[in-house]
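Asks: I have a structure here, written as structure tokens, and I will follow up with some questions on it.
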Amino acid sequence: MEIDPRARLIEWPSAILGVTGRMYVYTPPDYQPDVPLPVVYLLRGHEREWVNRREDESRIGSAIDVYERVRARGEAGPLLLAMPGLASADNRIPGLLADFAAPQLADAPGVGSGRFATFFFDEVLPLMEREFGAHPAARALTGFSLGGYMAVKAVALRPDLFVSVSAYDGSFPYASDGGRMARRYDTLLNAAMFDPALGRPRDPERMREHNPICLLLRADRAALRRITWMIQYGPEHIEPWGSNFYRGEYLLRALATLGIANAAPVAALPDGAHTWAVADRHLEQALPLHYRAFERVLASRA
């Protein structure tokens, strides 16, 4: 493990989880605490993943290197990057941006109450605004894999809170009955590591409440259309183990029914793979779009 030294680890006693909350935060060199800055939340699971230069063998650098390249090209201005821990401390139990149905099944440290959705919305976001001056009207999300699931889920739950969202090779469950229910025979979330979040046996109503597609189709469409969306995924020929091509295509079809266009120049990356090197490439395309969305919103409030 090689954590980028520009990332600062923040730890605090979480009143919601009942254990230590953890998050890595990056502040740009010209950061001034009294000047509100837009913030991009980078989601995957463990707080280290976006800033660990050795998260897998494909990777060269970290999300901070990506941001600084984008900024050096003049494609973004000063931003905060926040990487909250939304999984168990050992990264074995995914948080799924859920308030756990059965936290007692999580035999892992750092889960506590398992109320990860409430933790994110009611503790992480206010902490960034209170301690780092994150602008409350300029929030964006980027996620990779289950982080993509959580990014889209967060926007579906609270579209009023975000101006932009991107996801690379997201793990999106299928829906059925026009988005009214999660698809019964979709095995994506069947693994035992999801038992604390979703309960065992799986309850159809709970599966619907944790399905981003179902949530999107019930959300405020006007609010969703105000958001910039950028969805990318790997190519079809390396399905099912090398990409989430079909799940990404399914999400784009759902967004199209809501009148939402994909801002990504290319959705399926021909040379994509489910690796951190490609996730960083996605972030390099997403950050300028996030920043343009920030500029539009902040200009409208000036």
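Asks: With no solvent and one equal point scatterer placed on each C-alpha of the range 63-147, evaluate the Debye formula and give log10 I(q)/I(0) for q = 0.26 Å⁻¹, two decimals.
Replies: Cα-only, vacuum Debye calculation for the range 63-147: -1.28.
Asks: Using only alpha carbon positions, build the gyration tensor of the range 14-54, then give the equivalent ellipsoid semi-axes as the square roots of 5 times its eigenvalues, largest first, whole angstrom.
Replies: 22, 17, 9
Asks: Keeping every protein chain in place, order ARG281, ARG247, ARG73, ARG226 by accessible area at 1.4 Å, biggest value first, i.e. largest first.
Replies: Listed by decreasing accessible area, they come as ARG226, ARG73, ARG281, ARG247.
Asks: Something else: Rank GLU123, GLU205 by accessible area, highest first, at a 1.4 Å probe radius?
Replies: Result of the area sort, largest leading: GLU205, GLU123.
Asks: Using unit Cβ charges (K, R positive; D, E negative) and no other charged atoms, how large, in debye to the nearest 20, is the dipole of the chain about its Cα centre?
Replies: The calculation lands at about 760 debye.
Asks: If you don't mind, another one. Using a 1.4 angstrom probe, figure out how much accessible area the chain has per residue, in square angstrom, rounded to the nearest whole.
Replies: I get 42 Å² per residue for this part.
Asks: With no solvent and one point per C-alpha, what does the Debye sum give as log10 I(q)/I(0) for the range 2-111 at q = 0.11, 0.16, 0.22, 0.24 Å⁻¹?
Replies: The calculated log intensity ratios at q = 0.11, 0.16, 0.22, 0.24 Å⁻¹ are -0.40, -0.79, -1.22, -1.35.
Asks: Work out the P(r) tail for the chain: percent of alpha carbon pairs separated by more than 23 Å, whole number.
Replies: 52 percent
Asks: Another question about this same structure. Using per-residue counts of other Cβ atoms within 10 Å, averaged over each peptide, order 31-39, 288-296 from highest down.
Replies: Descending mean neighbour count gives 288-296, 31-39.
Asks: Going by the alpha-carbon gyration tensor, a ≥ b ≥ c the square roots of its eigenvalues, is the range 19-176 rounded (a/c under 1.5) or, if a/c is not under 1.5, prolate (a/b greater than b/c) versus oblate?
Replies: Values: a/c = 1.55, a/b = 1.40, b/c = 1.11.
Prolate, since a/c reaches 1.5 and a/b exceeds b/c.
Asks: Okay, next question. Based on alpha-carbon atoms only, what is the radius of gyration of the range 118-186 relative to the globular estimate 2.2 N^0.38 Å?
Replies: My calculation over the Cα atoms of the range 118-186 gives 1.29.
Asks: Evaluate Rg over Rh across the range 186-283, taking Cα atoms for both radii and Kirkwood's formula for Rh.
Replies: 1.00
Asks: Under a point-charge model restricted to the Cβ atoms of Lys and Arg (+1) and Asp and Glu (-1), what is the dipole moment magnitude of the range 45-157 relative to its Cα centre, in debye to the nearest 20?
Replies: Values: 12 positive and 15 negative charges, 55 e Å.
The dipole of the range 45-157 has a size of about 260 debye.
Asks: Another one. So how far apart, in nm, are the two label points at ARG301 and LEU258 if each is 7 Å from Cα heading toward Cβ?
Replies: Rounded to a tenth, the inter-label distance reads 2.1 nm.
Asks: Just to make sure I understand: if all protein chains stay in place, what is the order of MET193, MET230 by accessible area at 1.4 Å, largest first?
Replies: Largest accessible area first, the list is MET193, MET230.
Asks: Given contacts defined as C-alpha pairs under 8 Å and at least six residues apart, what's the relative contact order of the chain, whole-number percent? Provide the component values of the computation, followed by the final result.
Replies: Details: 622 pairs, mean separation 57.0, N = 302.
Reported as a whole number, the value is 19 percent.
Asks: Could you please state, rounded to a whole Å, how far the C-alpha centre of the range 180-242 is from the C-alpha centre of the range 8-85?
Replies: 25 Å
Asks: How much solvent-accessible surface does ASP99 expose, in Å² to the nearest 10, with a 1.4 Å probe and all protein chains in place?
Replies: For ASP99, solvent-accessible area is about 60 Å².
Asks: Another question, then. Treating each Cα of the range 147-234 as an identical point scatterer and ignoring solvent, apply the Debye formula and state log10 I(q)/I(0) at q = 0.16 Å⁻¹.
Replies: Relative scattering, expressed as log10 I(q)/I(0), comes to -0.64.
The values are calculated or read from the model by the stated rules, or taken from the named source; none is laboratory data. It should be emphasised that the depicted structure is a prediction, and the values quoted were computed from it without experimental measurement. So basically every Cβ, Gly included, is an ideal-geometry build from the backbone, and we count neighbours across all protein chains shown. Just the protein is used for accessible areas: all its heavy atoms, side chains included, with ligands, DNA and RNA removed. Shrake-Rupley method; radii C 1.70, N 1.55, O 1.52, S 1.80 Å.
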